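See structure below.
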Amino acid sequence: MTKTNLLQGKKGVVLGVANKRSIAWAISKGMSDAGAELAFTYQNEKLKGRVEDLVSTLPAECPLFPCDVTDDEQVAALGEGLSRNFGSIDFLVHCLAFANREDLECGFSQTSREGYLLAQEVSSYSLTAVSRMAAPLMKDGGSIQTLTYLGSERAVKNYNVMGVAKAALESSVRYLAADLGEKGIRVNAISAGPINTLAARGISGFTDILGQVAERAPLKRNVETEEVAGAAVFLASDLSSGITGEVIYVDCGYNIVGL
């Protein structure tokens, strides 16, 4: 992606970087290239080293904070850390989702109560939790964005409980946008097409999905992580100042195709 100064002088945090192939990492690199100052989170000590190694490749030093989004104390501590390091922030990028493998592999009607609640807590409610934390730090307004997928509105084979969680996430985007708009805070989602990430490979039949999208999408190919990153940079920039509560599709047009 071409380097620009779209985010020069802006500061923000990215939650959910997992590895070098993750969409969150592509977004991070795109935002860094655009001039942003970044902070990052990691879920636990096991993942800390992996995130540290990636962040060390960026040109500027980036603060790193522990944040398990199922723990309100850690979310609050993240806010305190961001305030201490940055004073204020301009954007937050939420790239978090999780469901038990067994709840993805079984039929949706067989989803366990525990698995349903876990998927909702990590994949959907966490956006509300971190938005509440970030809002006071966005003293001059800002941008909150998250990642979703077409399985939120269509029944995608083997997506199951995650599709329901993403539907709740997209509804949360609209309610958060309405709630935080008076503070100048915009909340949007990017609905990325299927990308061959570690998380996506946990979905049975994912290779078949990639093939179908490449065949039927208007652009006749699958989307690249850098293209999703471009949309994220746009949403964090002043160019998107009039956009909130939206789900923006970056999927080579697959979402518009019928029969």
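The values are calculated or read from the model by the stated rules, or taken from the named source; none is laboratory data. All figures in this text were calculated on a predicted structure; none of them were measured in a lab. Reconstructed Cβ throughout: ideal geometry from the backbone, glycine too, with neighbour counts over all protein chains shown. Heads up: the accessible areas ignore ligands, DNA and RNA and are worked out on the full protein's heavy atoms, side chains in. Shrake-Rupley method; radii C 1.70, N 1.55, O 1.52, S 1.80 Å.
Return, ordered by residue number, the residues of the range 126-167 whose backbone nitrogen is under 15 Å from a label point located 7 Å along Cα→Cβ of L47.
Counting backbone N atoms under 15 Å from the label point, the list is 126-127, 130, 147.
For the chain, what is the convex hull volume of the alpha-carbon atoms per residue, in Å³? Before the final figure, lay out the partial values.
Values: hull volume 32.1 nm³, N = 259.
With only Cα atoms used, the chain gives 124 Å³ per residue.
May I ask you to compute the full-extension gain from N196 to S56, defined as 0.36 nm times their residue separation minus their alpha-carbon distance, rounded to one decimal in nm?
48.0 nm
Across the range 1-94, how large is the tail of the calculated P(r) beyond 21 Å, expressed as a percent of all Cα pairs? Mind showing how you got there, number by number?
Details: 1128 of 4371 pairs.
It works out to 26 percent of all Cα pairs.
Given the pairs K10/K183; K11/K183; K11/K220, which span a C-alpha to C-alpha distance of over 26 angstrom in this model? The partial results should precede the final answer.
Working: K10/K183 17 Å; K11/K183 18 Å; K11/K220 36 Å.
Cα-Cα > 26 Å for K11/K220; rest within.
Simple spin-label model, 7 Å along Cα-to-Cβ: E224 to Q212 in nm?
The two pseudo-label positions are separated by 2.6 nm.
Go ahead and collect, in residue order, the members of the range 57-101 whose backbone nitrogen is under 18 Å from a label point 7 Å along the Cα-Cβ direction of K183.
72-94
Using modelled amide H (1.01 Å from N, peptide plane; none on Pro or chain starts), what sits under 5 Å from the amide H of T4, excluding residues fewer than 5 places away?
A34
Running a GNM on the chain with Cα contacts under 10 Å, which residue among L180, L54, L239 ends up with the highest mean-square fluctuation?
Of the options given, L239 has the highest mean-square fluctuation.
Counting only helical runs of four or more DSSP H residues, what would the 222 nm mean residue ellipticity of the chain come to if each run contributes -39,500 (n - 2.57) and the total is spread over all its residues?
Computed ellipticity for the chain at 222 nm equals -12000 deg cm²/dmol.
Compute the signed sum of charges (Lys and Arg +1, Asp and Glu -1) over the other residues within less than 14 Å, Cβ to Cβ, of E215.
Value of the local net charge: +1.
What would the Debye equation give as log₁₀ I(q)/I(0) for the range 116-190 at q = 0.23, 0.24 Å⁻¹, counting only Cα atoms as equal point scatterers?
Per q value, in the given order, log10 I(q)/I(0) is -0.96, -1.02.
Where does the range 6-57 land on the Kirkwood hydrodynamic radius, alpha-carbon pairs, in angstrom?
Kirkwood radius, the range 6-57: 11.2 Å.
From the phi angles alone, apply the Karplus equation (6.51, -1.76, 1.60; θ = phi - 60°) to the range 70-79 and give each ³J(HN,Hα) in whole Hz, x where the residue is Gly or Pro.
Ordered by residue, 3J(HN,Hα) equals 8, 10, 4, 5, 6, 5, 5, 5, 4, x Hz.
What are the ³J(HN,Hα) values, in whole Hz, obtained from phi via the Karplus relation 6.51 cos²θ - 1.76 cosθ + 1.60 with θ = phi - 60°, for each residue of the range 150-161 in sequence order, with x given for Gly and Pro?
With the stated coefficients, the range 150-161 comes to 4, x, 6, 10, 10, 7, 9, 3, 6, 8, 6, 4 Hz.
For the range 55-160, treating each Cα as an identical point scatterer without solvent, what Debye log10 I(q)/I(0) comes out at q = 0.14 1/Å?
Values returned for q = 0.14 Å⁻¹ are -0.68.
Using a basic spin-label model with each label point 7 Å from the Cα along Cα→Cβ, how many nm lie between L239 and V257?
2.7
Using only Cα atoms, what is the ratio of the radius of gyration of the range 117-259 to 2.2 N^0.38 Å?
1.08
Taking the solvent-accessible surface of protein heavy atoms with a 1.4 Å probe, what is the per residue accessible area of the chain in Å²?
Roughly 48 Å² per residue, with all protein chains present.
Step through the residues of the range 112-122 one at a time and calculate ³J(HN,Hα) from phi using the Karplus curve (6.51 cos²θ - 1.76 cosθ + 1.60, θ = phi - 60°), rounding each to whole Hz and writing x for Gly and Pro.
After applying 6.51 cos²θ - 1.76 cosθ + 1.60, I find 6, 4, 4, x, 4, 5, 5, 4, 5, 5, 6 Hz.
Could you order the peptides 23-32, 9-18 from most to least packed, using the average number of other C-beta atoms within 10 Å per residue?
Packing order, densest peptide first, comes out as 23-32, 9-18.
Give me, ordered by chain and number, the residues 5 or more places off K10 or on other chains with an amide H under 5 Å from its own placed amide H.
Under 5 Å from the amide H of K10: E37.
In the range 57-100, what GluC sites (Glu not before Pro) fall in a loop by DSSP, with at most 12 other Cβ atoms inside 10 Å?
Details: sites: E61, E73, E80; in loops: E61.
The qualifying sites are E61.
If you take every residue apart from Y125 with its C-beta less than 14 Å away from the C-beta of Y125, what net charge results, scoring Lys and Arg +1 and Asp and Glu -1?
Summing Lys/Arg as +1 and Asp/Glu as -1 gives -3.
Computing the accessible area with a 1.4 Å probe over protein heavy atoms, can you report the carbon and sulfur percentage for the chain?
Details: 6200 of 12420 Å².
Using a 1.4 Å probe with all protein chains present, the chain comes out at 50 percent carbon and sulfur.
Using amide H atoms built in the peptide plane, which far-off residues or other-chain residues are under 5 Å from F98 H to H?
Distant-sequence amide H within range of F98: S123.
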